[in-house]
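Notes follow the structure.
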Amino acid sequence: MELRQLRYFVTLAEELHFGRAAAREHIVQSALSQQVQRLERELGVRLLDRSTHHVALTPAGAAFLIEARQILDHVGRAGQAARNAVASAPTLRVGIIDAGYDTMPQILRELQRNHPDLTIHQVEAGTPEQYRQLADGRLDIAIGHASQTPAEVTSKLIRLDPLGVLVPDDHRFADMDGVPVAALADEVLLLGEESQTPELNQFVIALCRSAGFAPTVYEGTVESTRAAADLVLQHRCVHCIPSSFRTSNRPGTTWRPLTEPTTHYPWSLLWHDANPSPRIATVLNSARHLAQRRGWLEPAAPPTEPAPSEDAPTAASHSDEPV
């Protein structure tokens, strides 16, 4: 016995007319008749008296109608209960710039440990797009460099991340403990796609200019750190990137910290002032505890290699107030 058979029978019992019942169920009349006949065969009783101009319930059909309606009502309530449960379940919509960076994944793991019932939706998008999605409510919180935040977006500094350079394993920088920023003057430097990471691009260019040179920029662009690592591996360019990029995702490349000056890239959590979600405060609280444990807001000498995601390195300063 199928639920649709019960529904077809109840509709037919209410209409007592095959044509009208079929129209209500949006099926052809012959299909409705076949399903009702199949139901009668499975039950072993006649539910309807049929003639050319007349349809009527048998005594068995009248008794069955009462129970069938209750079954369908119960199924409907069960479905609504499931939908209500989904609607009431706590959810969080999070923006990330690139899955290759480990800051937000670590925060979300911390959050999920403390709030296992929380459903998290991650959206990978460049910072400008994150601002748009924060504004229209598609995102609750995001992460990025807060140098160009719109007036209605609030930011809190969460990590000061050592900036370094990604090179092939056989590059001259690979054996250095640290790479002076001025040494980048002799390299072709890859920048990110402007629509994805304009803040990082500007940060790197300003750093080069502070060291007395304008960088030679690779003519192509990429939209992900994985694609950037592929170009680096092909010896086409080098790529300045924070230590939180997980170089283990791309064997054959090496990350070395920039020195003279030692530089840190500031990551901030971002959210729209008008967003009423109580989950934002929950994220900030988890991020605060994680930053304290990891020492993310205590600049120190950068490591020679980015640490694994569970032991990420510390990082530099920014105008945001730390969490």
Item to check | Calculated FRET value between Gln202 and His74, using beta carbons and R₀ = 51 Å, to 0.05 | outcome: 0.25
Next on the checklist: Please list, ordered by chain and number, the residues whose modelled amide H lies under 5 Å from the amide H of Leu139; skip anything fewer than 5 residues away on the same chain.
Outcome noted: Leu134
Item to check | Helix runs (DSSP H) in the chain reaching 24 Å along axis by Cα, Kyte-Doolittle at least -1.0 | outcome: 59-88
Checklist outcome for this item: Expressed in µm² per second, the diffusion coefficient of region 3-88 from the Stokes-Einstein equation, with Rh the Kirkwood radius over alpha carbon pairs, at 37 °C and 0.692 mPa s, is 239
Next on the checklist: Let me spell out the model: positive unit charges on the Cβ of Lys and Arg, negative unit charges on the Cβ of Asp and Glu, origin at the Cα centre of the chain. What dipole size does that give, in debye rounded to 20?
Outcome noted: 1520
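What does the extension gain come out to for Val55 and Asp177, with contour length at 0.36 nm per residue minus their alpha carbon separation?
Full extension of this stretch gives 34.9 nm more.
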Checklist entry - At Gln112 and His235, where each label point lies 7 Å from the Cα along Cα→Cβ, what is the point-to-point distance in nanometres? => result 4.1
Checklist entry - What is the calculated FRET efficiency for Ser224 to Ala82, with r their C-beta to C-beta distance and R₀ = 35 Å, to the nearest 0.05? => result 0.40
Next on the checklist: Let me understand the chain better: what is its radius of gyration from the alpha carbons, and its Dmax, in angstrom?
Outcome noted: 31.0, 97
Checklist entry - Percent antiparallel among DSSP beta bridges with both residues in the chain, to the nearest 5? => result 65
Item to check | Size of charge dipole - region 1-145 - debye, nearest 20, with Cβ of Lys, Arg +1 and Asp, Glu -1, no other charges | outcome: 500
Item to check | Projected label distance in nm at Arg293 and Arg24, using a 7 Å step from Cα toward the beta-carbon | outcome: 5.9
Checklist entry - Of Gly144, Gln130, Thr259, whose Cα points farthest to the positive end of the dipole of the chain (charges on the beta-carbon: +1 Lys, Arg; -1 Asp, Glu; origin at the Cα centre)? => result Gln130
Next on the checklist: Can you list residues from other chains, or at least 5 along the same chain, whose modelled amide H is less than 5 Å from the amide H of Val217?
Outcome noted: Leu189
Item to check | Farthest toward positive dipole pole in the chain [+1 Lys/Arg, -1 Asp/Glu at C-beta], among Ile205, Pro215, Gln5 | outcome: Gln5
Checklist outcome for this item: In whole angstrom, the spacing between the Cα centers of region 185-204 and region 220-275 equals 10
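Computed from the coordinates by the stated procedures, all read-outs in this text should not be read as laboratory data. Owing to the predicted nature of the structure, the values given are computational and were not obtained by experimental measurement. So basically every Cβ, Gly included, is an ideal-geometry build from the backbone, and we count neighbours across all protein chains shown.
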